[in-house]
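Report on the following structure.
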Amino acid sequence: MKENIYDVIIIGGGPAGLTAGLYASRAMLKTVLLEKGLTGGQMASTGVIDNYPGIRNISGMELGQKMEEHAKDFGLEIVLCEVKCLDKEGDIFKVNTDKGEFRSKTVIMTTGVRPRSLNVPGEKDLKGKGVSYCAICDGFFFRNKKVAVIGGGDSALEEGDYLTKFADKVCIIHRRDEFRGGQNYRERARKNPKIEFIMDTIATEIIGDEFVTALKLKNKKTGKEWVESFDGVFIYVGTLPNLFVCKIDYDSDKMGYIKTDDKMSTSIKGLFAAGDVRSKLLRQITTAVGDGATASVSAEKYIEELKYQNNLKKVG
Ligand code: NAP
């Protein structure tokens with residue numbers, strides 16, 4: 001019996017994975033995308049996207065659904081399962097999941113990122129009880145409330161702005177006196193009358209029994225400490241790569257992001273990485289989509305080369 005070997009296995013269903021899936025399926029490669037939850041990745045939990053060229057304003061959820069439908073139209077197979085381990089035997093990759101093993105000639109890792117924890121007392125215990133990492137998932141529960149947003153990057157500014165749809169007051173608490181987030185996000189937040197900024201300040205504790213009631217804050221410049229009442233806190237202090245057990249040792253940077261060249265090739269032949277999980281400068285939907293397309297074309301070229309080399313071996 002002929003073994004069921006895919007040309008391409010894509011691990012992760014965010015914009016990079018769905019684009020890689022679209023390109024690979026359209027190129028008639030036998031492709032499967034493995035995703036453990038909802039497709040769309042981090043994008044699906046972004047309220048408003050206004051920097052995707054050609055689409056002035058769309059929710060992340062809707063853009064994700066459109067990308068999935070588009071890829072499926074070209075024949076992409078999507079399997080909902082959790083990847084446990086990746087290994088390689090000769091030229092064949094083995095992807096072990098909770099729904100069994102999948103085998104392929106190439107793998108494209110598009111597992112994205114997850115939110116970083118603040119690591120302060122109260123955070124773990126009050127997660128889901130006023131501590132959140134997703135404004136679009138939980139913002140609704142804070143109608144007419146006062147919430148804190150911790151962080152100073154694009155996410156903190158963008159999601160802080162989004163939360164004013166529900167909350168009466170949003171305090172963005174940042175540890176420096178300058179935001180890391182881009183000018184457009186800074187301007188939009190500054191113009192929003194419901195947003196207040198607490199700069200040079202860190203949260204040292206999240207307080208509450210059943211639910212968040214307050215934050216213990218400390219001004220880093222003056223040393224002043226105080227407790228301020230909040231009904232909830234949204235933490236946006238950066239991200240970490242989503243990884244799983246991998247028996248093949250690819251190169252990564254010091255934060256664990258996968259190193260690739262400009263063809264999205266990793267240090268392992270046949271293994272490609274695309275999107276936020278890759279070590280790179282700019283993590284945007286647009287860059288993820290570009291990575292996904294490049295990774296897919298590189299995988300196609302690699303498969304052709306593999307076929308050519310194997311034919312040479314047979315002839316010789
Ligand atoms: P980020 O850019 O890494 O910013 C993290 C922020 O959290 C920084 O301001 C950092 O402060 C602060 N921070 C880190 N550790 C902290 C701690 N222990 N206590 C207090 N503050 C802490 O992360 P991000 O905003 O999640 O963005 C991640 C990536 O996604 C970026 O590349 C961003 O451009 C991208 N993104 C894109 C979009 C979009 O395209 N629409 C939207 C959102 C995010 P310092 O500045 O002092 O280091």
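The values are calculated or read from the model by the stated rules, or taken from the named source; none is laboratory data. Remember, predicted model here, so these are calculated numbers, not experimental data. We place every Cβ from the backbone using ideal geometry, glycine too, and count neighbours over all the protein chains shown. These area figures cover heavy atoms from the full protein model, side chains too; ligands, DNA and RNA do not enter into them. Shrake-Rupley method; radii C 1.70, N 1.55, O 1.52, S 1.80 Å.
For region 51-197, take the alpha-carbon Rg, divide it by the Kirkwood Rh, and send me Rg/Rh.
1.07
Calculate the spin-label point distance for Cys137 paired with Lys254, positioning each point 7 Å from the Cα along the beta-carbon direction, and give it in nanometres.
The two pseudo-label positions are separated by 3.1 nm.
Using the beta-carbon distance between Arg26 and Asp87 and R0 = 22 Å, what value does 1/(1 + (r/R0)^6) give for FRET efficiency, to the nearest 0.05?
Using R0 = 22 Å, I get an efficiency of 0.15.
Zone of Arg116 (label point 7 Å along Cα→Cβ, backbone N under 18 Å): which residues in region 263-305?
The answer is 276-284.
Could you pull out every one of the lysines with an alpha carbon less than 24 Å from that of Lys72, ignoring same-chain neighbours closer than 8 positions?
Lys30, Lys36, Lys94, Lys99, Lys105, Lys301
Report, by chain and number, residues whose modeled amide H sits under 5 Å from the one on Lys88, excluding near sequence neighbours (fewer than 5 apart, same chain).
Close amide H contacts, sequence-distant or interchain: Lys94.
Using just the Cα positions, wrap region 173-304 in a convex hull and report its mean projected area in square nanometres, one decimal place.
On the way: hull surface 47.2 nm².
Convex hull of Cα atoms, orientation-averaged projection: 11.8 nm².
Where does region 235-316 land on Rg/Rh, using Cα atoms and the Kirkwood Rh?
1.08
³J(HN,Hα) across region 232-239 via Karplus (A = 6.51, B = -1.76, C = 1.60, θ = phi - 60°), whole Hz, x for Gly/Pro?
x, 9, 10, 9, 10, 10, x, 9
Modelled label-to-label distance, Asn184 and Trp226, 7 Å Cα→beta-carbon offset: nm?
Distance between the two pseudo-spin positions: 3.5 nm.
Compute from the Cα atoms of region 189-234 the Rg and the Dmax, the latter being the longest Cα-Cα distance, and quote both in angstrom.
For region 189-234, the Cα-based Rg and Dmax read 11.9, 35 Å.
Amide H neighbours of Arg114 under 5 Å, at least 5 residues apart or on other chains, H built in the peptide plane: list them.
Here Leu240, Asn242 satisfy the definition.
To the nearest 20 debye, what charge dipole does the chain have about its Cα centre, counting +1 at the Cβ of each Lys and Arg and -1 at the Cβ of each Asp and Glu?
Taking the Cα centre of the chain as origin, the dipole is about 360 debye.
Given charges of +1 on the Cβ of Lys and Arg and -1 on the Cβ of Asp and Glu, with all other atoms neutral, how large is the dipole of region 117-235 about its Cα centre, in debye to the nearest 20? Kindly include the intermediate steps, with their values, before the conclusion.
Numbers: 21 positive and 19 negative charges, 58 e Å.
Roughly 280 debye for region 117-235.
Which of the peptides 15-25, 64-74 is most tightly packed, and how do the rest follow, judged by the mean count of other Cβ atoms within 10 Å per residue?
In decreasing order of mean packing, 15-25, 64-74 become 15-25, 64-74.
Percent of accessible area on region 117-235 owned by carbon and sulfur, 1.4 Å probe?
About 46 percent, which is the carbon plus sulfur part of the accessible surface.
For the chain, take the longest principal axis of its alpha carbons; what is the angle in degrees between that and the long axis of helix 154-163, to the nearest 10 within 0 to 90?
60
Cα axis of helix 285-315 to longest principal axis of the chain: angle in degrees, 0 to 90, nearest 10?
Tilt relative to the chain: about 20 degrees.
Which whole-percent values make up P(r) of region 117-235 when all C-alpha to C-alpha distances are grouped in 5 Å steps starting at zero?
2, 13, 25, 25, 21, 11, 3, 0
For the chain, which semi-axes, largest first and in whole Å, follow from the square roots of 5 times the eigenvalues of its Cα gyration tensor?
For the chain, the semi-axes come out at 42, 19, 17 Å.
Consider all pairwise Cα distances in region 1-62 and report the whole-number % of them above 20 Å. Walk me through the numbers before you get to the answer.
On the way: 745 of 1891 pairs.
Roughly 39 percent, once rounded to a whole number.
Output the lone cysteines of the chain: those with no second cysteine's C-beta under 4.7 Å from their C-beta.
Unpaired cysteines in the chain: Cys81, Cys85, Cys171, Cys246.
Among Gly40, Leu126, Val79, which residue has its Cα furthest toward the positive end of the charge dipole of region 1-158, with +1 on Lys/Arg Cβ and -1 on Asp/Glu Cβ?
Farthest towards the positive end: Leu126.
Label points 7 Å out from Cα along the Cβ direction at Gln65 and Arg175: separation in nm?
In this crude label model, Gln65 to Arg175 measures out at 3.8 nm.
If each residue of separation counts as 0.36 nm, what is the full-extension length gain between Phe74 and Val48 once their alpha-carbon separation is subtracted?
6.7 nm
Please calculate how many Å² of accessible area region 117-235 carries per residue, with a 1.4 Å probe and no DNA, RNA or ligand atoms counted.
Heavy-atom SASA per residue in region 117-235 reads 52 Å².
Where does the chain land at 222 nm, in deg cm²/dmol rounded to the nearest 500, when only DSSP H runs of n ≥ 4 count, each adding -39500 (n - 2.57), divided by all residues?
The helix-only estimate for the chain comes to -8000 deg cm²/dmol at 222 nm.
In degrees, nearest 10, range 0 to 90: what is the angle between the Cα axis of helix 15-26 and the longest Cα principal axis of the chain?
20
As a test question: what accessible area, to the nearest 10 Å², does Lys99 have when a 1.4 Å probe is rolled over all protein chains in place?
130
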